[in-house]
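Shown next, in C-alpha cells, is the structure this report addresses.
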Amino acid sequence: MVDAATMVKALKLTELVPSETGVLPIETSDVNRPGLPFAGYWEHFANERPQILGLVETSYLRSLDLETRRRRLEQFVSYDLPCIIICRRLEGMDDLIAMAAARKIPVYRSDVDTTRMVTDMIYFLNNHLAPRMTMHGVLVEVYGVGVMLTGESGVGKSEAALELVKRGHRLVADDVVDVRRVSDNRLIGEAPETVRNLMEIRGIGIIDIATMFGIGSVMRTKSIDMIVHLEHWVKGKEYDRVGLDDKTNEILGVQVPWLLLPIRPGRNVAVVLEVASRNLMLKQQGYSAARELEKRMMARMDRAVHDEQPADAGRP
C-alpha cells in the first residue's frame, strides 16, 4: 500500500481525482503503459500496476472514433486500477477523468515527460515498498563503505563512530538504524527523523554531530556494505587471524560481509575499521591479502618439494 499524499508530494503530481481513502492499493514497483489495451488487446493486462498515459497513448485515443474510444475507456476503468497518471500536462482526457471518478479511481497529472515519470515512479515505489526492519547499531561511512557496527550495549560502538567522525568520516545513524532492501543485493540504512544527526555518549549525553563537526560529517542514507560486530575480548577464545573465511550475515534476505572485532583496552578501533573498509574494497576489486599469502605458501611448499627430489629422480 502507498500513501497517496506522500506519492503526490514526492512526484510533484496534481490531483484530478483524489483518493477517497488516502491509500493506493499498489503492491509492486512496476508500472504499466496501456497502449496495447487501448488498441483492443486485453490479454495479460497488468491492471494491478499504476497506469501511466503519455503522448503515444493519448494520441491514439484521440485518433479513435467516439464510440470505439468510449468502449475502450469503459473497459479500461472497469478494472480495479490503483491510479492513473497523465503525463506532460496533456489535455483532452475529460471523458477518461469522468469515468475514473465514477469508478473512484484516483487520477493525477504530471508536468514531466513520460519516460521521466516512469523512472521516477519506479524509484519511488522501490523505496516506498521495500522490505524494512529496524536494527540496533551504528551506521557510518568509511572511505565510501557503509559500515554497520553492532554489539551489546556499552561495548563502544558510538565511541568508535565518534572517533571515525573526528578522522573525517561520516555518521549516518547512531543506536537505531532503519534498514530497507532496495534490490536483491542492496540494503540502505538511515536514522529515524527524530534522532537524525544525534549521538549518545555515555557520561556526556546527547550531542549533535552536524552542529559540532559540520554538515559534512553526516549523511542521510548509506548502503550497508559490511557489518562489524564488536565484542569484549574473551581470553582463550580463538579469533580469525588470517581472513580466509569470508563470513556473511543475512539481513532481509541479503548476504552482507560480516566481521567479528574483539575490543580490549588500548586497541585503536577506528584505525582497525578504516583498514577493514579498505580491505573490503580490495576484495571487491578481486584482491585478497589472505589468498595472496596462501598462494605464496603453496608456491614455497612446491619449491621445497622440488628441491628435495634427487637430481636423477625419474631416470630409468
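Every number here is computed from the coordinates shown, using simple stated rules; none is lab data. Because the structure is a prediction, the values reported are computed rather than measured. Because the Cβ atoms are built from the backbone with ideal geometry, glycine has one as well, and the counts that use them run over all protein chains shown.
Compared with the dominant Cα axis of the chain, that is its longest principal axis, helix 289-308 is turned about 40°.
Using the Cα centre of the chain as origin and beta-carbon charges of +1 (Lys, Arg) and -1 (Asp, Glu), tell me which of Ala191, Gly236, Thr221 is placed farthest towards the positive end of the dipole. Of the options given, the answer is Gly236.
Size descriptors for segment 2-128: radius of gyration and Dmax over Cα atoms are 13.5, 41 Å. The distance from the alpha carbon centre of segment 188-263 to that of segment 275-295 is 20 Å, rounded to a whole number. When the chymotrypsin sites (Phe, Trp or Tyr not before Pro) in segment 196-261 are filtered for DSSP coil states and for at most 10 other beta-carbon atoms within 10 Å of their beta-carbon, the remaining sites are Tyr239. For helix 66-77, what angle does its Cα long axis make with the longest principal axis of the chain, in degrees from 0 to 90 and rounded to 10? Around 40 degrees separate the two axes.
Residue separation of Thr211 and Thr115 scaled by 0.36 nm, minus their Cα-Cα distance, works out to 30.6 nm of gained length. Full extension of the chain segment joining Glu231 with Lys247 gains 4.1 nm, where the gain is 0.36 nm per residue of separation less the Cα-Cα distance.
As a proxy for reagent exposure, ranking Met199, Met1 by other Cβ atoms within 10 Å from fewest up yields Met1, Met199.
Taking the alpha carbon gyration tensor of the chain, what are the square roots of 5 times its eigenvalues, largest first, to the nearest whole Å? The three semi-axes for the chain are 55, 30, 15 Å.
Helices in the chain, meaning DSSP H runs of at least 4 residues, each add -39500 (n - 2.57). Divided by all residues, the mean residue ellipticity at 222 nm is -10500 deg cm²/dmol. In plain terms, the chain from Ala46 to Thr68 could stretch by 5.8 nm, reckoned as 0.36 nm per residue minus the Cα-Cα distance. Sorting His306, His229, His169 by the number of Cβ atoms found within 10 Å of their own Cβ, with the fewest placed first, yields His306, His229, His169.
Judged by the mean number of other Cβ atoms found within 10 Å, the most tightly packed of the peptides 73-86, 13-26 leads the ranking 73-86, 13-26. Highest mean packing first, where packing is the average number of other Cβ atoms within 10 Å per residue, the peptides 174-183, 266-275 line up as 174-183, 266-275. Peptide packing: for 40-48, 276-284, 135-143, the average count of neighbouring Cβ atoms within 10 Å per residue gives the ranking 135-143, 276-284, 40-48, highest mean first. Return a whole-number percent for the relative contact order of the chain, with Cα pairs under 8 Å and 6 or more residues apart as the contact set. Relative CO of the chain lands at 13 percent.
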